[in-house]
Each structure stands twice: as structure tokens, then as C-alpha cells.
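Everything below concerns the one structure shown next.
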Amino acid sequence: MKTTVSVIKADIGSVAGHCVSHPVLLEKCDEVLGNALEAGIIEDYYISRCGDDIDLIMTHTKGELNEEVHKVAYDAFLQATEIARELKLYGAGQDLLSDTFSGNIKGMGPGIAEMEFEERPSNPVIVYCCDKTEPGAFNLPIYKMFADPFNTAGLVIDPKMHDGFDFEVYDVIENKKVMLSCPEEIYDLLALIGSTGRYVIKNVFTKDGDIAATVSTERLNLMAGEYVGKDDPAAIVRAQSGFPSAGECNEAFAFPHMVSGWMRGSHNGPLMPVSEEYANPVRFDGPARVIGLGFQVSDAKLIGPVDIFDDPAYDETRQLASRAATYIRRHGPFEPHRLPSEEMEYTSLPGVMEKLEPRFEDMDD
Ligand code: F6R
Ligand code: MG
Ligand code: MG
């Protein structure tokens, strides 16, 4: 019997502004998932939040894109949305783009990261959840975990990892995908995934085809056709015994790299790893946050979690992130803090151009 880990996440309303999911929304999700557990639809669950995004972490034996499991997540978000509307929370129902469920939650707004695997004697799994950024924010850390020997010692010294991993990359603009084998094709992989707004790592596999990591790659704004908040991705990573160790996975977040998102989904800034308690993007609606939740998956039950970044070893990362935030903030409306106009989610540029159009003159030379 295979076990599936499903992480389905959405922002359905927050306090104050786009900051923190209200606890009553989490309580409602807990009630809906609790009922699903009793009904035998799911085997176990854990609910967390990063900023204004609720992350439903569920285990079951029904495989990926399962209608019943997705319906549980949809119902939880729908019922929590009703409360969010009553409380006039900010952005109530924001990520539920449709009020009719058909088949699965794909394309309806929420982000989905799911993986099905045969349980080994022991199954460490880490779930990472972000707020105020996009799926491409995971490109750099996932690359480091599975392809960079300066991050992951096991690539060099563990015979089980020495062959490397295969990376499945999505082109989220053209809706195409490509599989690249590493270390052989590392340079080709980097040529793509350095463009974080377009090429995103969706899955990583062992060379035997076993799933190692998966990322929610839904681009909410592309789905909605207008700005409705950043995608705020989640990722599931398997660790140990042939996969990177838990510590090698977590090490990939020790450098607070620059990601797109932050204020109005239109700014570059550092990704700050924090504990669940501190996943509150308050400064200029950020900076972007990531939390890590470490579980052992055992007979489709979730043992844990450990709140990974609730650790003084990450204080220096957070300080560097804060300093980088201050540094880049001083650029105000200038690139590279503000995203290039083509990538901006909100833009007043067309209006400004229209207004100034009659005043633009040809230059003499
Ligand atoms: C970023 C985000 C926030 C909002 C900002 C403005 O993803 O959610 O930075 O973009 O708070 O929000 P509105 O336009 O709703 O006032
Ligand atoms: Mg939001
Ligand atoms: Mg969010």
C-alpha cells in the first residue's frame, strides 16, 4: 500500500491586511479535516500557516489528485471563507476562484504539492511553506539540496546519492515541461531555473524514478488573469537514506536568497526562514517567509512535526535577511528592488504611459 502526502494551501483571509490567517479559520479547517479523518478519507493531518496562507498537510492512501481528498481541502477553505467574510477579514475567499468543485482542486486557486511513495522502514519528510513569494523561490534551495555538493555532502560521500537526481522543470508561461538529469546536465538546469518567474522545479526524482521532492507550482495570477496575491508555494521533501539528510535539506535555507514577491507581489527581497510563531510578514508586507515542518511518516500517520527554523542556528540567517531587507528597501521604487515592469503584479505603468503619450516627442538624433 502506498502512502500519499498532500499539501493543499490557500489564502482565504487575514488580519491585519495580508498578514496572518485568523485562528478561527484554522479551527474551522481543523473541524473539517477532523471529520474527514473520522470518515476514513484521510489517515492523518496537520494544519499550519505561513503568513496569510493556510497549509493543510494530509496523509492518506488514495493517491495524488484524489477527488475525495481534494474535496476535503476545498470544503475546509470554503467553510473558513464564510467565517472570513463574516469577520470582514482582509482578502476573504481570495484564493478560491470558483464556488463549484469538480473532480479536484487543480486550477481553482489553491496551491497543491502531493507525492505518493512506498514507505521505507523509516520516512522523514519535511514540508516547507512560504508566504509573499512565488514557486520559483524554491528553485535555489531545491537545487542546492539535490545537486550542490557544497550544500549536500551526501552527493559526494554517500554511495546511494552519488548518481545524482532527475529534475522535472515546468515552463509556467508556455505550459511545457522538461526532465533534466543531474549532475550531467547541471549547467542546462541552471540556465533554466535561474529564471525563477518562468522555469520552476516541479519534481525531483532519484535515478530509479522514486519521488524525492515536489513543489506547488500553481501560478494564481496566471489562473485568475489578474493580480490576486502571490502564489506562496509549499514543497514536500523526502530525507535520509538515499535522499539528502534532513540537515542537508534545511541547510539550503541558511542563505536568505532574493525572491520575487513581498509588497504587492512586485518586489525582490530576501527569503527569511522562521518558526511557525514568527511567520508574520509585517515589514512592508514581508520580507517573504518560509517555515519548515519535519515529520516522520509512519503507516500513513504524521509523527511530529519539528518546527525546523525555531532554532538559534538560523538567527544569523534572519539577521542577514533583515540587513538585506533594509539594504534593498532603500531603493524604493527603483529596480532591482521593484520588479521589472513585465513581471510586476500590480502596475500603474499602462495608465501613466497613456497619460503621457501625447507629451512624448520624437528625439532629433
Ligand atoms: C503581496 C500582498 C500584499 C498586498 C498589499 C496591497 O502578495 O499580498 O503585499 O499586495 O498589501 O494589498 P491591497 O491591494 O489589497 O491593498
Ligand atoms: Mg494574501
Ligand atoms: Mg500569502
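The values are calculated or read from the model by the stated rules, or taken from the named source; none is laboratory data. Since the structure is predicted, the reported quantities are computational estimates derived from the model, not experimental observations. Glycine gets a Cβ as well: all are built from the backbone with ideal geometry, and neighbour counts include every protein chain shown. Note: accessible area is taken over every heavy atom of the protein model, side chains too, but ligands, DNA and RNA are not part of it. Shrake-Rupley method; radii C 1.70, N 1.55, O 1.52, S 1.80 Å.
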(request) Over all directions, average the projected area of the Cα convex hull of segment 1-79 and note it in nm². (result) 4.7
(request) Compare the Cα positions of S266, N175, G242 along the charge dipole of the chain (+1 at Cβ of Lys, Arg; -1 at Cβ of Asp, Glu; about the Cα centre) and return the one farthest towards the positive end. (result) S266
(request) Compare the peptides 118-126, 196-204 by average per-residue count of other Cβ atoms within 10 angstrom and give them in order, highest first. (result) 196-204, 118-126
(request) Over segment 201-347, give the accessible area per residue in Å² for a 1.4 Å probe, as an integer. (result) 42
(request) Please go through segment 248-289 and write out the GluC sites (Glu not before Pro) that DSSP classes as loop and that have at most 11 other C-beta atoms within 10 Å. (result) E277
(request) Starting from the Cα of K230, draw a straight line to each of the aspartates and glutamates and keep only those under 14 Å, dropping any in the same chain fewer than 8 residues away. (result) D11, D52, D53, D95, D131, E134, E218, D285, E343, E345
(message) To make sure I understand the rule: partners must be lysines, Cα under 16 Å from the Cα of K62, and not fewer than 8 residues away in the same chain. Which ones qualify?
(response) K2, K71, K301
(message) Which one, G332, A212, I303, projects farthest toward the positive side of the charge dipole computed for the chain from Cβ point charges (K/R +1, D/E -1)?
(response) G332
(message) Is there a quick way to get the dipole size of segment 116-237? I mean about its Cα centre, with the Cβ of Lys and Arg at +1 and of Asp and Glu at -1; what is the value in debye to the nearest 20?
(response) 260
(message) Ignoring solvent entirely, what values of log10 I(q)/I(0) come out of the Debye formula for segment 40-166 at 0.15, 0.20 Å⁻¹ when each Cα is a single scatterer?
(response) -0.89, -1.28
(request) Can you grab the distance from the C-alpha centre of segment 78-97 to the C-alpha centre of segment 5-60, Å, no decimals? (result) 13
(message) For segment 1-121, what does the accessible surface come to per residue with a 1.4 Å probe? Please give it in Å².
(response) 40
(message) Taking 25 Å as R0, compute the FRET efficiency from the Cβ-Cβ separation of E277 and I186 and round it to 0.05.
(response) 0.10
(request) Name the cysteines of the chain that stand alone by the Cβ rule: no other cysteine Cβ under 4.7 angstrom. (result) C19, C29, C130, C182, C249
(request) Calculate the spin-label point distance for E354 paired with N35, positioning each point 7 Å from the Cα along the beta-carbon direction, and give it in nanometres. (result) 4.6
(request) Can you send over the carbon and sulfur percentage of the accessible area for segment 150-261, probe radius 1.4 Å, protein chains only? (result) 53
(message) For the ranges 19-26, 141-148, what's the packing order if you count other beta-carbon atoms within 10 Å of each residue, average per peptide, and put the highest first?
(response) 141-148, 19-26
(message) Cβ neighbours within 10 Å, averaged per peptide: list 132-140, 27-35, 350-358 in order, most packed at the top.
(response) 132-140, 27-35, 350-358
(request) Go ahead and estimate [θ] at 222 nm for the chain from helices alone: -39,500 (n - 2.57) per DSSP H run with n ≥ 4, summed, over the residue count, rounded to 500. (result) -7500 deg cm²/dmol
(request) Only Lys, Arg, Asp and Glu count, each charged at its Cβ (+1, +1, -1, -1), so figure out the dipole size of the chain about its Cα centre, rounded to 20 debye. (result) 540
(message) So if I place +1 on the C-beta of Lys and Arg and -1 on the C-beta of Asp and Glu, and nothing else carries charge, what would the dipole magnitude of segment 1-115 be about its Cα centre? I want it in debye, nearest 20.
(response) 200
(request) Could you tell me which of I57, L78, L293 has its Cα farthest along the dipole of the chain towards the positive end, charges placed at Cβ (Lys, Arg +1; Asp, Glu -1), taken about the Cα centre? (result) L293
(request) Quick one: accessible surface of V15, probe radius 1.4 Å, all protein chains present, in square angstrom to the nearest 10. (result) 60
(request) Using only alpha carbons, build the gyration tensor for the chain and give me the equivalent ellipsoid semi-axes, biggest first, whole Å. (result) 32, 26, 19
(message) Taking a cut-off of 17 Å, what percent of all Cα-Cα pairs in segment 99-193 are separated by more than that?
(response) 65
